[in-house]
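S.K.: This is the structure I want to talk about, given as structure tokens.
The values are calculated or read from the model by the stated rules, or taken from the named source; none is laboratory data. Computed from a predicted structure; not experimentally measured. Neighbour counts run over all protein chains shown; Cβ positions are idealised from the backbone, glycine included. Side chains included, ligands, DNA and RNA excluded: accessible areas come from the protein's heavy atoms. Shrake-Rupley method; radii C 1.70, N 1.55, O 1.52, S 1.80 Å.
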Amino acid sequence: MISVIIPIYNTANFLSSCIKSVINQTYQDLEIILVNDASTDNSIHICNRFKEKDNRIILIDKKQNEGVEKARYDGILAATGGVYMFCRLR
């Protein structure tokens, strides 16, 4: 299994397309770990909407912003796959 870790901080404008691109991969043995790093925009609502539709999604909703490195680390701690991959949103 591959663990795809997506650190999120105020990326609502790009988040849906990013998550859709991971969900729609031909390789389906994935877990998708969304790490919301205390976003102040609509990101958490987008994450929740996708989580309800796809049981491969794990959502970590942090209450304090700690930066992308810590968000990645938190994603790794939650991952169960043998390979980790990261998506970067800009």
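S.K.: Among the residues that make up region 21-34, is at least one of them modelled with pLDDT of 95 or more and touching a Gly at 6+ places or on another chain (Cβ under 7 Å)?
M.R.: Scanning region 21-34 turns up at least one residue that is modelled with pLDDT of 95 or more and touching a Gly at 6+ places or on another chain (Cβ under 7 Å).
S.K.: When the residues of region 1-21 are narrowed to those that are within 16 Å of ALA78 (Cβ to Cβ) and of a type outside the set (S, T, N, Q), which ends up most open to solvent (accessible area, probe 1.4 Å)?
M.R.: MET1
S.K.: Further question on the same structure: For SER39, state whether it is modelled with pLDDT of 95 or more, surrounded by 17 or more Cβ atoms within 10 Å (Cβ to Cβ), in a loop (DSSP other than H, G, I, E, B) and of a type outside the set (A, V, I, L, M, F, W, C).
M.R.: Considered against the rule, which asks whether it is modelled with pLDDT of 95 or more, surrounded by 17 or more Cβ atoms within 10 Å (Cβ to Cβ), in a loop (DSSP other than H, G, I, E, B) and of a type outside the set (A, V, I, L, M, F, W, C), SER39 comes out as yes.
S.K.: Still on this structure, I have one more. Run MET85 past the list (1) closer than 10 Å to ILE5 by Cα; (2) among the aliphatic types (A, V, I, L, M); (3) open to solvent by less than 60 Å² (accessible area, probe 1.4 Å) and report the number of the one that doesn't hold.
M.R.: (3)
S.K.: Go over the candidates LYS51, LYS70, LYS62, LYS20 one by one and state the one that is of a type in the set (Lys, Arg) and in contact with a Leu (Cβ under 6 Å, 6 or more places away or on another chain).
M.R.: From the options LYS51, LYS70, LYS62, LYS20, the qualifying one is LYS51.
S.K.: Of (1) surrounded by 17 or more Cβ atoms within 10 Å (Cβ to Cβ); (2) outside any helix (DSSP H, G or I); (3) out of contact with any Lys or Arg (no Cβ under 7 Å at 6 or more places or on another chain), PHE50 satisfies all except one. Which?
M.R.: (2)
Residues are listed down the side, and each one gets a yes or a no for (1) hydroxyl-bearing (Ser, Thr, Tyr); (2) free of Cβ contacts under 8 Å to residues at least 60 places away in the same chain; (3) in contact with a His (Cβ under 8 Å, 6 or more places away or on another chain):
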position	(1), (2), (3)
ASP29	no, yes, no
ASP37	no, yes, no
SER43	yes, yes, no
LYS51	no, yes, no
ASP54	no, yes, no
ALA71	no, no, no
LEU77	no, yes, no
THR80	yes, no, no
MET85	no, no, no
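S.K.: Out of all the residues in region 57-82, which are open to solvent by less than 40 Å² (accessible area, probe 1.4 Å), over 19 Å from ASN10 (Cβ atoms) and not in a helix (DSSP H, G or I)?
M.R.: ILE57, ALA79, GLY81
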